[in-house]
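Enquirer: Before I ask anything, let me first share the structure, which is written out below as structure tokens.
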Amino acid sequence: MRKYDVVVCGGGPSGFVAAIAAARSGAKVAIIDQLNHFGGLATGGMVSPVSEFNSNGRRVIDGIPWEVMLRLQERGGADLSYPIGNVPFDPEIYKIVIQEMLISSVVEIYLESTLIDCVVSENKIQSVRCLSNGSVFSLSSKVFIDSTGTACLSMFAGLPFQKDPEDGECQAASLCFRLAGVDTDRLENIHLKDPHTRYFNSRVRAVLEECSAPNFGGPWFIWGLHDGIVSVNMTRGKVDSCSPLNNSRMVCRLREDMFTFVSLLQNNVREFANSYLLDSAVLTGYRENRRIAGAHILTGDEIVSGYEFADAIACTAHPIDVHIATSKEQAVTFLDGVGYIPYRSLYSEKIDNLLVSGRCISADRNAFASIRVQAPCMAVGEAAGYAAALSSKEDVPVSEIDVKELQDMLTP
């Protein structure tokens, strides 16, 4: 069993930033991920763009998250010119940039490793168990960070969760894909540059409705950094997270729908006449899943009002964005400024050495609909990484670190 100061479970946008932050603070850090690369739904899920870093003309998410974007741009893998701070990217370049940053920060990497359990005693996680290519191994640590996106570690540790939606319906899941051979010079709304704008393509939407297409969202076509390539976000399925069999059927249907949509676009929309399927995501884009019931449950009202918590450690400029699973509809509430995320939403007092980052932090459905996207998830990850390093160094529960010191570490 290898021993660490901080172990990060999950290498998506929140997790890899958390690992870098903790390591740069002097902690001995390990990160595990089930894929053979990092980036989660950004890279494996092909969810583009990274959104969003700016609000009202100023950068509101900076630090390590923005450093990642700068490194992406240096490698030719991102366009940072969009005023609202949406960042279209090349997923393959994103993968190598993350890997290089983790290695240079001296983070020990465990890829193709699936979290399967943990050992808890005396209100602490003592170790996690993982499965990798048929072998089971364990890692022990002073502090753990759950960045799985599905709160797997929190579930194994017995943390309380928020109740399922009263209507039993989570936000829609999607399978994203990329098309090449698209006439990107003529296709509108592929550059997501302006604030308070819904960027779905209404012209293509009308065509698909006339074709009696399967249920879809948007559709959203996002410039893929190269002429002729767009990332496509339009498939839509209802999540049944309590039934692996039903959920798997939904995932299969999303792939079938993807091929249906490709054919409909080729045959009915002039900009797609010569297009072809380039690739599809290896991860299904689940917009909503488990969320812990932490020391504070962040609310949508607090996000919309811009309530400034004394222990604020991150913010969001993204609208409250709810995708309805059983229809083509999307409920959007734009923010006038930014919403703030308190440190208390990153932990439950049930476990002394566990922080949660990314999509499964303690937030209600409406707050979650704003903070679930990549830039705020990265910002929360940075805070979780620094906080975990402080907790490990000072040998105190995560709930008892000096939040002012943490905030000072996060100030550019």
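Enquirer: Assigning unit charges at the beta carbon (Lys, Arg +1; Asp, Glu -1) and nothing else, what dipole magnitude in debye, to the nearest 20, does the range 264-412 show about its Cα centre?
Expert: Taking the Cα centre of the range 264-412 as origin, the dipole is about 700 debye.
Enquirer: Same structure again: Considering the options 175, 134, 106, tell which one lies farthest towards the positive end of the dipole of the range 38-194, charges being +1 on Lys and Arg and -1 on Asp and Glu at the Cβ, about the Cα centre.
Expert: After comparing all options, I get 106.
Enquirer: Where only protein heavy atoms count, and the probe is 1.4 Å, what is the accessible area per residue for the chain in Å²?
Expert: Values: 16270 Å² over 412 residues.
Using a 1.4 Å probe on heavy atoms only, each residue of the chain averages 39 Å².
Enquirer: Which of the lysines could a cross-linker bridge to residue 163, judged by Cα under 26 Å and excluding same-chain residues fewer than eight apart?
Expert: Of all the lysines, those that pass the test against residue 163 - Cα under 26 Å, at least 8 places apart if same chain - are 124, 238, 328, 350.
Enquirer: Further question on the same structure: Which helices count as membrane-span-like in the chain under these terms: full DSSP H, at least 27 Å along the axis by C-alpha, Kyte-Doolittle mean of -1.0 or more?
Expert: 244-268, 374-394
Enquirer: Using helices alone, I'd like the mean residue ellipticity at 222 nm for the chain: each DSSP H run of four-plus residues gives -39500 (n - 2.57), total over residue count, nearest 500.
Expert: Mean residue ellipticity, 222 nm, calculated: -9000 deg cm²/dmol.
Enquirer: Ok, one more. Count the net charge of all other residues whose Cβ sits under 11 Å from the Cβ of residue 190, scoring Lys and Arg as +1 and Asp and Glu as -1.
Expert: Computed value for this residue: -2.
Enquirer: Dipole size in debye (nearest 20) for the chain around its Cα centre, Lys and Arg Cβ +1, Asp and Glu Cβ -1?
Expert: It comes to approximately 640 debye.
Enquirer: With springs only between Cα atoms under 10 Å, which of 338, 396, 230 fluctuates most in a Gaussian network model of the chain?
Expert: 396
Enquirer: Under a Cβ-Cβ cut-off of 9 Å, what is the net charge of the residues other than residue 217 that fall near it, where Lys and Arg count +1 and Asp and Glu count -1?
Expert: +1
Enquirer: Quick one: net charge of residue 390's neighbours, Cβ under 9 Å, K/R +1, D/E -1?
Expert: -2
Enquirer: Now for a different question. Taking Cα pairs under 8 Å and at least six residues apart, what relative contact order does the chain come out at, in percent?
Expert: On the way: 1005 pairs, mean separation 93.8, N = 412.
For the chain, the relative contact order is 23 percent.
Enquirer: The range 259-353: which GluC sites (Glu not before Pro) are DSSP loop and have at most 15 other beta-carbon atoms within 10 angstrom?
Expert: 308, 329, 349
Enquirer: Quick check for me: using +1 on Lys/Arg Cβ and -1 on Asp/Glu Cβ, what's the dipole size of the range 92-233 about its Cα centre, in debye to the nearest 20? Let's see the in-between values first.
Expert: On the way: 11 positive and 18 negative charges, 47 e Å.
Computed about the Cα centre, the dipole is about 220 debye.
Enquirer: Report, to the nearest whole %, how much of the accessible area of the chain belongs to carbon and sulfur atoms, 1.4 Å probe, protein only.
Expert: Result for the chain: 47 percent of the exposed heavy-atom area is carbon or sulfur.
Enquirer: In the full protein assembly as shown, how much of residue 323 is accessible to a 1.4 Å probe, in Å² to the nearest 10?
Expert: Spelled out: residue 323, probe radius 1.4 Å, area about 10 Å².
Enquirer: Of 361, 323, 338, which is farthest on the positive side of the dipole of the range 316-404, counting Cα position, with +1 on Lys and Arg Cβ, -1 on Asp and Glu Cβ, and the Cα centre as origin?
Expert: Positive-end residue among those listed: 323.
Enquirer: I'd like to know which of 45, 162, 66 lies farthest towards the positive end of the charge dipole of the chain, counting +1 on Cβ of Lys and Arg and -1 on Cβ of Asp and Glu.
Expert: It is 45, whose Cα lies furthest towards the positive end.
Enquirer: Relative contact order of the range 1-132, please, whole-number percent, based on alpha carbon pairs below 8 angstrom and at least 6 residues apart. Write down the numbers at each step before the final one.
Expert: Details: 226 pairs, mean separation 35.0, N = 132.
Taking the mean separation of contacting Cα pairs over the length of the range 1-132, I get 26 percent.
Enquirer: Keeping all protein chains in position, work out how much accessible area residue 156 exposes to a 1.4 Å probe, and write it in Å² to the nearest 10.
Expert: 70
Enquirer: Can I ask one more? For residue 393, go through the aspartates and glutamates and keep the ones whose alpha-carbon is under 16 Å away, minus same-chain ones fewer than eight residues off.
Expert: 5, 352, 402, 405
Enquirer: Another one. Tell me the accessible surface of residue 301 in square angstrom (1.4 angstrom probe, heavy atoms of protein chains only), to the nearest ten.
Expert: For residue 301, solvent-accessible area is about 120 Å².
Enquirer: Ranked by accessible surface with a 1.4 Å probe, highest first, in what order do 245, 264, 254 come?
Expert: Of 245, 264, 254, the descending order of accessible area is 245, 264, 254.
Enquirer: Continuing with this model, one more query. Go ahead and set up a Gaussian network model of the chain, Cα springs under 10 Å, then flag whichever of 15, 57, 85 fluctuates most.
Expert: Highest fluctuation of the listed residues: 57.
The values are calculated or read from the model by the stated rules, or taken from the named source; none is laboratory data. Worth saying up front: this structure is predicted, and the values here are computed from it rather than measured. Neighbour counts are summed over all protein chains in view; Cβ atoms, including those assigned to glycine, are modelled from backbone coordinates with ideal geometry. Each accessible area value is taken on the protein alone, full model and side chains, heavy atoms only, with ligands, DNA and RNA left out. Shrake-Rupley method; radii C 1.70, N 1.55, O 1.52, S 1.80 Å.
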